[in-house]
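First comes the structure, then the notes that go with it.
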Amino acid sequence: MTEKTFEPLTKGHFILPLSNTGSIARIQELGFKLPDFIDYSYDLESNIDLKFDMLLSEFKRLLTLDLNTLYQQNKQILEHNKNCLSTIPYDNSILEIFNV
Amino acid sequence: MINVIQGIEGDDLLWHLKLLGANELPKNVYFIPLVNHYNLHNADWFNNVRNQAKNFDTVVFYDLVHIGDYEQIIFKKVVSEFEHPNKIYLTVNQNKSFQIDSVKIIRWDFMWNRYKAYYTESVPTNLHLHHYSHGNYHTIDINYHLTRNKKFMSPMGREYGLRTRLYDIVKNHDGYISNRSKGITFENEPVMASLIPYPTNFTTILILVYMLKVTAAIANLYI
């Protein structure tokens, strides 16, 4: 993941990222919240072509929904994510190399 | 002083380590960048790296920016085949099923740290941070009442200021070639980072079209 993922999250957008498998779980592990109305199951698919097809299907499905209403219903999530810049700490996993 | 990390993806790594309270790295660790940002990864480079690594107890291979699945396969092969008794792969790939036999995987969200730091830390004037334009970027005035402004861009101006010009350069090439690998950097160039939002309603578009027509008509009078 890069700033391409974090930028929209902290600016109050919903996201549909195509990234390494497990990225969605990691985003939630960091502390961001994601809405239930988006099906992120494509993120668990390791075959990149299949993953892209699944994402595309989800994208098309989302276009059929009333996004304005869903946006209003999920505003709390967006507000939570806006605050994550200050609430989520730095990842210090690299410090493990000091213990090897 | 930390001085063994090389490569564009590690340009600001020292500063980020200090944010985590680490002022120096273990002495017997050798760092090998996997992403070829500087276009230096040829046979001579690899032979040199292989010889240098023999003098260290531990070798840390690292990718600190997101890489695609194809590159990850290549990197995995390189790390797997590299002869050294103690190998670590420091990666931004958070896929927990990504494993390599006899290699310790450390997953580090360096890009989160970098992103957070851009917004919450003071940028030191004596350092050349990744994408930092030496203060030449314009102050960003974000108006959150305008929908399009929420799309925003990085405070370094890279999405708009840098990349617009970057695309102008690379369009003459068949494929993407990074500016840094060609020795072109924009660090000392003024960078635009403000954004005029696109019209979000039909009335605004009509007004803009009308203004354009008036401007064109006036221009015609003087031609």
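Here, each number is a calculation from the coordinates, and none is a lab measurement. Small disclaimer: the values here were computed from a predicted structure and weren't measured. Methodologically, a virtual Cβ is constructed for each residue, glycine included, from the backbone with ideal geometry; neighbour enumeration extends over all protein chains shown.
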Once the mean of 1/r over all distinct C-alpha pairs in segment B:9-91 is inverted, the Kirkwood radius in Å reads 13.8
Given charges at beta-carbon only (K, R positive; D, E negative), |dipole| of segment A:4-100 in Debye: 320
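Of A:M1, B:M211, how do they rank once you tally other Cβ atoms within 10 Å and put the fewest first? Mind dumping the intermediate values first?
On the way: A:M1 24, B:M211 10.
Ascending Cβ contact count within 10 Å gives the list B:M211, A:M1.
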Counting other beta carbons within 10 Å of each Cβ, put B:I73, A:I24 in order, fewest first. B:I73, A:I24
Can you give the FRET efficiency to the nearest 0.05 for B:K77 and B:S102, using r as the Cβ-Cβ distance and R₀ = 22 Å? 0.95
Angle check, please: helix A:75-87 long axis (alpha carbons) against the longest principal axis of chain A (alpha carbons), in degrees 0 to 90, nearest 10. 20
If you rank B:S97, A:S19 by fewest surrounding Cβ atoms within 10 Å, what's the result? B:S97, A:S19
Coil-residue GluC sites (Glu not before Pro) of segment B:28-87, DSSP, other Cβ within 10 Å capped at 11: B:E83
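Kindly state, to the nearest 0.05, the FRET efficiency for A:D36 paired with B:M211, given R0 = 41 Å and r defined as their beta-carbon distance.
So the FRET efficiency works out to roughly 0.40.
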Global size of chain A as Cα Rg and Dmax, reported in angstrom: 15.2, 52
